[in-house]
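The values are calculated or read from the model by the stated rules, or taken from the named source; none is laboratory data. Remember, it's a predicted structure, so these values are computed and weren't measured experimentally. Please note: Cβ atoms are built from the backbone with ideal geometry, for glycine as well, and neighbour counts cover all protein chains shown. When the accessible area is computed, the model is the full protein with side chains, heavy atoms only, and any ligands, DNA or RNA have been set aside. Shrake-Rupley method; radii C 1.70, N 1.55, O 1.52, S 1.80 Å.
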Amino acid sequence: MGTGSFDRRASRSTRSVSNGTASSTHAHCAWLKMWHRLSNPFIWLNQRQSSLASKGLKALTSAHRLHASGAEPSCSYDGGLYPGHIQTTPFQKALLAVGSGVAALQDPYRHDMVAVLGETTGHLALINLRDRMQNDPEGYTILTERPRIRLSTLDLEKMASLPDGSFGREYLRFLEENKVTPDSRAEVKFVDDEELAYIMLRYREVHDLLHTLLGMPTNMLGEVAVKWFEAAQTGLPMCALGAVLGPLRLNASRLQTLVTSLGPWALQNGSRARCVLSIFYERRWEQSLEELRRELNIEPPPVIPSASKKTGA
């Protein structure tokens, strides 16, 4: 074979590889977009919690980082109702609800899975909560101003200077003793209404405040008691599921405490209390905890569980 013929074949091969590479890059980009938007948003959200991601998802880490960084604009999401929104069909929401429900049952501290479950099952409850907030002057103000409870919005020095028994000081004490932060709450992604998405976000950011109001630690018994309160208060299916399945992880002694004491107290106070999302807590730090409880029609807990986080504790 002549050298000229070989050169022509090599040239064609080079062009073919070049075209194939460009085509492959384009197809890969399209695949990433389809993967994130349609095929598996459940896995995409799971990767967001990198410290909790399973080994089976490590192969997708680079793809997630590419999307999150926006390095290739042609692969980015567009048309969302709010930043981070992922549009899903009813069928996809059902799949997400089942998958996240199973994962949350296996590990109730998988807050990312609990978040997905709440977003994909809570539409009607969120509408009811919006109506209650709109009919409350303070709740309406919250919907209008859209406050956030984040470390960047909290004056920690001022809260630390408040007297013991004040709501702000007790909330700060709760954060310190349980080593939690309001910044750990996941952003909303699967709620297909911008205002309802904010209400879901507000519910998440208020959750630790409810622990303070109810005097509950963050161990399993405390979390289940708060879930019983939230189920009666909000009607969110996620809370009801947690209230039903959470007790299965308690030992006999803690289960008895829940059934005979904390459970009835939480259900009674959750059903009769003022809408807890209609309180502008950021303006109540100086108010005494007891006074705020009376205003919300919440009784002090009959017993306070120990702060141990062991299973069943």
*Quick one: what pairs do we get from the stretch 133-147, first residue farther than 13 Å from residue 195 by Cβ, second surrounded by 14 or more Cβ atoms within 10 Å (Cβ to Cβ), C-beta under 7 Å, 6+ apart or different chains?*
136/275; 136/278; 138/278; 138/279; 147/282
*Residue by residue through the stretch 171-200, note down the ones that are touching a residue at least 24 places away in the same chain (Cβ under 8 Å) and aliphatic (A, V, I, L, M).*
175, 180, 186, 188, 191, 196, 197, 199, 200
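Please find, among 304, 298, the residue that is outside any helix (DSSP H, G or I) and closer than 30 Å to residue 127 by Cα.
Working: 304 fails: closer than 30 Å to residue 127 by Cα.
None of the other options fit; the residue is 298.
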*Counting just the residues of the stretch 130-154 that are under 17 Å from the mean Cα position of the chain (by Cα) and hydrophobic (A, V, I, L, M, F, W, C), which one comes out most open to solvent (accessible area, probe 1.4 Å)?*
151
*Matching residues, the stretch 174-201, being acidic (Asp, Glu) and outside any loop (DSSP other than H, G, I, E, B)*: 176, 177, 183, 194, 195
*Restricting the stretch 155-166 to residues that are touching a residue at least 40 places away in the same chain (Cβ under 8 Å) and aliphatic (A, V, I, L, M), which is least open to solvent (accessible area, probe 1.4 Å)?*
159
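Please tell me if residue 212 is among the β-branched types (Val, Ile, Thr) and within 21 Å of residue 303 (Cα to Cα). Give the derivation first.
On the way: among the β-branched types (Val, Ile, Thr): yes; within 21 Å of residue 303 (Cα to Cα): yes.
Criteria met by residue 212.
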_Among the residues of the stretch 105-123, what is the count of those that are assigned to a helix (DSSP H, G or I) and either in contact (Cβ under 8 Å) with a residue 24 or more places away in the chain or basic (Lys, Arg) (or both)?_
13
